[in-house]
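Visitor: Provided herewith is a single structure, encoded as structure tokens, for subsequent inquiry.
The values are calculated or read from the model by the stated rules, or taken from the named source; none is laboratory data. Since the model is a prediction, treat every value here as computed from it, not as a measurement. When we count neighbours, we look across all protein chains shown, and the Cβ atoms used for this are built from the backbone with ideal geometry, even at glycine.
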Amino acid sequence: MSHFDLSSLRFLVVDDNVHMRRIVRMLLMSYGAREVMDAEDGALALEIFNSQLPDIVIADWSMPVFDGLELTRMLRNTDSSPNAYVPIIMMTGHSERKRVIEARDAGVTEFLCKPISARDLYVRILSAVLKPRPFIKTKNFFGPDRRRFVNPNFGGNDRRATNTEDDPELDAVTEEMQRAG
């Protein structure tokens, strides 16, 4: 597998399950991450986020105090968040379509179903870092544009500008992962 240097990125892992936090921490360290903070609930995560300014947040959906969606909405609040553009990867055992849509509409950058695999977590991180989607702001939403790719069959006017440049490093990693199976 190609390797992207994650050593300069600061991660915040938020999950009420201590074992899941440890697993994600170990995976991040195996990818080369040096700084991984963790929190057991959304309230502590918000406190850590505001004081430590992580580069990527990986959060569970279901947690006490406030859940991953509430945390996402707070982090995306452009009036109070120190970095409303932070990539947020939502981890959850609930993969129903309505939940994926709800997470997207809250401003989640990437969605990851439990049980997670090392490969899938790495791909989500690379996607967030190497191919960030443009952010949009409307009256009721601030977050990454839900459209990831240009649809060649779409014949209408595009409402938002998109970056269609290829990223050879991410493409190489993705190809290698697909071959590995």
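Visitor: I'd like the full set of residues that are over 22 Å from Arg21 (Cβ atoms) and either part of a loop (DSSP other than H, G, I, E, B) or under 13 Å from the mean Cα position of the chain (by Cα) (or both), limited to the stretch 71-99.
Guide: Answer for the stretch 71-99, where residues must be over 22 Å from Arg21 (Cβ atoms) and either part of a loop (DSSP other than H, G, I, E, B) or under 13 Å from the mean Cα position of the chain (by Cα) (or both): Arg76, Asn77, Thr78, Asp79, Ser80, Ser81, Pro82, Ala84, Tyr85, Glu96.
Visitor: Looking at the stretch 1-15, which of the residues that are under 24 Å from Asn50 (Cα atoms) and surrounded by fewer than 19 Cβ atoms within 10 Å (Cβ to Cβ) is nearest to the chain's Cα centre (by Cα)?
Guide: Ranking the qualifying residues of the stretch 1-15, first place goes to Arg10.
Visitor: Hey, another quick one. Answer with yes or no whether Asp41 is touching a residue at least 60 places away in the same chain (Cβ under 8 Å), of a type in the set (Asp, Glu) and crowded, with 17+ Cβ neighbours inside 10 Å.
Guide: no
Visitor: Would you check which residues across the stretch 91-108 are hydroxyl-bearing (Ser, Thr, Tyr) and touching a Ser or Thr at 6+ places or on another chain (Cβ under 8 Å) and list them?
Guide: Listed by number, the list holds a single entry, Thr92.
Visitor: A follow-up question, please. Would you check if Val18 is farther than 22 Å from Arg146 by Cβ, in contact with an Asp or Glu (Cβ under 8 Å, 6 or more places away or on another chain), at pLDDT below 95 and surrounded by fewer than 17 Cβ atoms within 10 Å (Cβ to Cβ)?
Guide: When the stated conditions are applied, Val18 does not pass them.
Condition check ((1) hydrophobic (A, V, I, L, M, F, W, C); (2) in contact with a helix residue (DSSP H, G or I) (Cβ under 9 Å, 6 or more places away or on another chain)) across all residues:
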position: Pro82; (1), (2): no, yes
position: Glu96; (1), (2): no, no
position: Val100; (1), (2): yes, no
position: Ala106; (1), (2): yes, yes
position: Lys114; (1), (2): no, yes
position: Arg119; (1), (2): no, yes
position: Val123; (1), (2): yes, yes
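Visitor: Would you mind finding the one in Pro132, Pro115 that is more than 20 Å from Phe49 (Cβ to Cβ) and modelled with pLDDT under 95?
Guide: Pro115
Per-residue answers, yes or no, for (1) touching a residue at least 24 places away in the same chain (Cβ under 8 Å); (2) under 13 Å from Leu121 (Cβ atoms):
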| residue | (1), (2) |
| --- | --- |
| Met26 | no, yes |
| Ser30 | yes, yes |
| Pro54 | yes, no |
| Gly68 | yes, no |
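Visitor: Another question, then. Restricting to the stretch 78-105, and then to whatever is without any contact (Cβ under 8 Å) to a residue 12 or more places away in the chain and aliphatic (A, V, I, L, M), can you tell me which residue is surrounded by the fewest Cβ atoms within 10 Å (Cβ to Cβ)?
Guide: My answer is Ile101.
Visitor: Being acidic (Asp, Glu) and under 29 Å from Arg34 (Cβ atoms) narrows it down to one residue among Asp67, Asp145; which is it? First the steps, then the outcome.
Guide: Values: Asp145 fails: under 29 Å from Arg34 (Cβ atoms).
Residue meeting the stated conditions: Asp67.
Visitor: Do we have Ser51 as among the polar types (S, T, N, Q) and either in a loop (DSSP other than H, G, I, E, B) or in contact with a helix residue (DSSP H, G or I) (Cβ under 7 Å, 6 or more places away or on another chain) (or both) here?
Guide: So Ser51 does not fit the description; no.
Visitor: Anything in the stretch 55-77 that is more than 18 Å from His94 (Cβ to Cβ), surrounded by fewer than 21 Cβ atoms within 10 Å (Cβ to Cβ) and in contact with a helix residue (DSSP H, G or I) (Cβ under 8 Å, 6 or more places away or on another chain)? List them, or say none.
Guide: Listed by number, the residues that qualify are Val65, Met74.
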